[in-house]
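Trainee: Below you'll find the structure I mean.
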Amino acid sequence: MFFFILFFSFWELFFSSVFDRYGLPESQTTIFLLVATLPVLLDVLFKYLIFRHLNRASPATVATYHAMIE
């Protein structure tokens, strides 16, 4: 639970500092929306890039992965 709070607090502080740095009006709704979506999008992108790299490096790994799903 502590890690969960710490993780999202980090993102909230990060976006607050970005808004302050560039002089944008700080909106809690916008910050919460960014905190809810950006980490998820980064996670999806990271997993996609790993899967794409594995597909090029070792097609057998992808075949094993598909066999595990079935």
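Trainee: Hey, what D do you get for the chain in µm²/s if you plug the Kirkwood alpha-carbon radius into Stokes-Einstein at 25 °C and 0.890 mPa s?
Mentor: Working: Rh = 14.8 Å.
So the translational diffusion coefficient is about 166 µm²/s.
Trainee: Could you provide, to the nearest whole Å², the per residue accessible area of the chain with probe 1.4 Å?
Mentor: Details: 6030 Å² over 70 residues.
That works out to 86 Å² for each residue.
The values are calculated or read from the model by the stated rules, or taken from the named source; none is laboratory data. Nothing here was measured: the structure is a model prediction, and the numbers come from that model. For accessibility, only protein heavy atoms count, side chains too; no ligands or nucleic acids. Shrake-Rupley method; radii C 1.70, N 1.55, O 1.52, S 1.80 Å.
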